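See below for the structure under consideration.
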Amino acid sequence: MKINFKIALFSALFLAFAIGACHSSKKTTYQKDYLNESDAARNQRMEWWREARFGLFIHWGLYAVPAGEWGEKNTYGEWIRTTAEIPLKTYDGFVGKFNPTQFSAHDWVQMAKNAGMKYIVITSKHHDGFAIYDSKVSDFDVMATPFKRDILKELADECKKEGIKLCFYHSIMDWHHPDYLPRRNWETDRSTKGAKFDRYVTYMKKQLKELLTNYGDAPHVLWFDGEWESTWNSEYGKDLYNYVRSLKPDIIINNRVGAHRDGMAGFTAPGQFAGDFGTPEQEIPATGLPGMDWESCMTMNNNWGYNKADKNFKSTKELLHNLTDIASKGGNFLLNVGPTAEGLFPTESIQRLKEIGEWMKKNGESIHGTLASPIGSFDWGRVTMKTKGENTILYLHVFNSPSHGQIILHGIANTPMGAAYLAAPMTKSPHFERVDDAIVLDVPTKLLDPINTVIMLQLKGKPDIHMVPVVKNKLTTFVESMYVSLADEGGNAEIHYTLDGTQPTIFSATYLTPIKIEETTTVTARSFRDDQPISGTMQQSFWKKEPKASTPVAAAAPGLQYFYFEGKWEKLPPFDSMKALKKGTVTNFDRSAKNKLGENYGFEYRGFIKLPTTGIYTFSTASDDGSVLLIDNEMLVDNDGLHGTKKVAGTLALQAGYHEFIVRYFNSVGGEDLKVTWASETMDEQPIPDNALFHVKAK
Ligand code: FHN
């Protein structure tokens, strides 16, 4: 009998494993681990995308039917199902009204191509769960509408013909599928009983397999989105990345396949799985990001999906400046159009695409296939770069006439070979000459192009650029003394410096090793070669600080006091004047005392932090949503407000010993996150250890 029992037990365990394996996508293995890819293979795969620099985003689906209007309001977009709290059955009613008889794949692709766009990213399925293609695994698709045409198939054929790369946006979040979790918190009528998230992932993979295998060489990019909810994580993301690449190895996948995207800033937290490129949304990074692939996506007006009342369209000038700014920082620009329920681009979008195309027709080479500016950005405009054979071309994008009619480009050691107007090469070339480390060009006050006049500056040889010497120190404050480290990142140069604020010459001190300073000092440095300056001048002051005194604490007990609150806030409320729902002590920033939903709650953590040494300390909070950090009752980190995970740091000179320490945090809805770190001159950034946190027991 025992043997039978064992067999029965083994069979039951095997069956459970088998069911678990087929539902738990997290455990699947693929014939190749695409996460471990050589740089050469990755560069080859990314090549067309980096060359493209400019693409069209299209948000199109059932939400075009209400066109932003529901009840008394007309400000909705593609989120209308949930922001207007439209019940599922009511929203499904739009299926019978979606009949875009004026849709023409030819017209759409022509408008994109004529605008100088090299790829199109269209929503195969947005958060509402509706598929605008013929899906065999869902009835909630375009074949259920009166239109009954596979929109993606028609676009794929047209893009193939016109040499445009067709790409698909696919939402992980799905407000329609019964197995997707979590539900919208207002959707109390849709039970979660029996819902299995892993079964939803299996369904999503089936739809992705349709998208990856039924449309020829499309999609060239899978643009995931809706990855921020609590049910999705990096493990699912890595599995999905491998799954997609196993079906189409050369495809490119954005970072929203994973988790831990830093909100609209769009980059994945360091150390986390980040797909193939970052996705800033409605914003452009302040500077280029060497070695990183990224794409800024933006709307033309305020909405991604069509809203008939939204006439707040950006001007063509602003759109072209955005395109140039992004390319000058080494990124791609994905510009959105939200077509109408009839299948037409809004006339304002058509007009802008046409005007952008007119500029791109004459200046496209200064965008396509370019690299980021090697000399930064300027008040008068932006710079993009190309290497041509053994030489280098700088494209100077002049948005507005420079002061004194001159463009001064510091730090270029190359010999200038020529200059010309890209759009009018026969026009008299701008005069240029070398002055010290700079190339100076004369630019007329009346520019050829009122939006962006491009001057091509040809340089001999590969880029030989010397931005000002770089200060390698993270801190500019010290308590006793510090060593200032400088570097010339262009190579083959000698740095000379002064410590009294005067301009360095070839006769000034030569930088050989880090400079020791013991009082507040201004360091001024410049790079030289063959006794000639080859960079501009860097000036940085370093301040000596008196450390704040520590606080004697008797009978300090481990951990912080916590006070728990609930409420709907857009910024931190005055917790210290509110009655806490719960309170106690925690060893760190533990939030297990919060409500089960993890929404609309806040904490105050209060006590002492014990510093091991006297010195300069940097504290930071990375939180979704808002947080603040106070030392000795003084605000040091203000990271308040509604936002995705955002990090803010503050630096202070502090004496070893105890200092009063408060962290306040709140979460509204959606993602939630709180990380609190410290660092000093002698300690790398790390989470504050439990053994540094104390409180004084109430008597
Ligand atoms: O929620 C979506 C939104 O509807 C739109 O698709 C944008 C475009 O990138 N992405 C999400 C918001 O970050």
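Brief remarks on what is shown
- Within region 266-282, the set of residues being in a loop (DSSP other than H, G, I, E, B), modelled with pLDDT of 95 or more and within 12 Å of the ligand (Cβ to nearest atom) comprises Thr279, Pro280, Gln282.
- Of all residues in region 285-297 being closer than 24 Å to Ser315 by Cα and without any contact (Cβ under 8 Å) to a residue 60 or more places away in the chain, the one that is nearest to the ligand (Cβ to nearest atom): Ser296
- Answer residue from region 313-340, given it is farther than 29 Å from Phe378 by Cβ and away from the ligand (no atom under 13 Å from the Cβ) and is nearest to the chain's Cα centre (by Cα) among those: Pro339
- Selection over region 116-141 of residues that are more than 22 Å from Glu342 (Cα to Cα), in a loop (DSSP other than H, G, I, E, B) and of a type outside the set (S, T, N, Q) gives a count of 5.
- Unique residue being assigned to a loop (DSSP other than H, G, I, E, B) and either at pLDDT 95 or above or within 25 Å of Ala259 (Cα to Cα) (or both) when the list is Gly584, Gly607, Gly598: Gly598
- Test: Gly343 is within 16 Å of the ligand (Cβ to nearest atom) and over 25 Å from Ala286 (Cα atoms): no
- Flag if Glu433 is without any contact (Cβ under 8 Å) to a residue 60 or more places away in the chain, surrounded by fewer than 22 Cβ atoms within 10 Å (Cβ to Cβ) and under 30 Å from the mean Cα position of the chain (by Cα): no
- Set side by side, the residues Ser191, Ser246 differ, and just one is at pLDDT below 95, of a type outside the set (D, E, K, R) and assigned by TED's automatic domain parsing to the domain that holds Ser296, which is Ser191.
- Among the residues of region 448-486, those that are β-branched (Val, Ile, Thr) and outside any loop (DSSP other than H, G, I, E, B) comprise Thr453, Val454, Ile455, Ile465, Val470, Val471, Thr477, Val484.
- Any hit, region 439-447, residues being crowded, with 18+ Cβ neighbours inside 10 Å and among the acidic types (Asp, Glu): no
- Filtered by the rule that a residue be more than 16 Å from the ligand (Cβ to nearest atom), assigned to a loop (DSSP other than H, G, I, E, B) and surrounded by fewer than 19 Cβ atoms within 10 Å (Cβ to Cβ), region 200-229 gives Asn214, Gly216, Asp217.
- Residue ranges of strands (runs of 3 or more DSSP E) in region 384-447 with at least 1 members closer than 26 Å to Gly288 by Cα: 391-398, 406-409, 416-421, 438-442
- Condition broken by Asp250, with the remaining ones in (1) among the charged types (D, E, K, R); (2) surrounded by fewer than 18 Cβ atoms within 10 Å (Cβ to Cβ); (3) under 20 Å from the mean Cα position of the chain (by Cα) satisfied: (3)
- Some residue of region 138-149 being within 16 Å of the ligand (Cβ to nearest atom) and not aliphatic (A, V, I, L, M): no
- Taking region 658-699 as the range and being buried (at least 18 other Cβ atoms within 10 Å of the Cβ), assigned to a strand (DSSP E or B) and among the hydroxyl-bearing types (Ser, Thr, Tyr) as the test, the residues that pass are Tyr658, Tyr665, Ser680.
- In region 167-178, the residues that are over 11 Å from Arg256 (Cα atoms) and more than 12 Å from the ligand (Cβ to nearest atom) form Cβ pairs under 6 Å with partners that are polar (S, T, N, Q) and part of a strand (DSSP E or B), at six or more places apart or across chains, as follows: Phe168/Ser124.
- Residue ranges of strands (runs of 3 or more DSSP E) in region 516-566 with at least 2 members in contact with a Leu (Cβ under 7 Å, 6 or more places away or on another chain): 521-529, 560-566
- Here the condition is being away from the ligand (no atom under 16 Å from the Cβ) and either within 23 Å of Asp174 (Cα to Cα) or touching a Cys at 6+ places or on another chain (Cβ under 7 Å) (or both); of Arg261, Arg245, Arg256, it holds for Arg245 alone.
- Scanning region 120-136 for residues that are away from the ligand (no atom under 15 Å from the Cβ) and in contact with a strand residue (DSSP E or B) (Cβ under 9 Å, 6 or more places away or on another chain) gives Ala131, Tyr133, Asp134, Ser135.
- Some residue of region 559-571 being among the aliphatic types (A, V, I, L, M) and in contact (Cβ under 8 Å) with a residue 40 or more places away in the chain: yes
The values are calculated or read from the model by the stated rules, or taken from the named source; none is laboratory data. Owing to the predicted nature of the structure, the values given are computational and were not obtained by experimental measurement. Don't worry about glycine lacking a Cβ; one is built from the backbone with ideal geometry, like all the others, and counts go over all protein chains shown.
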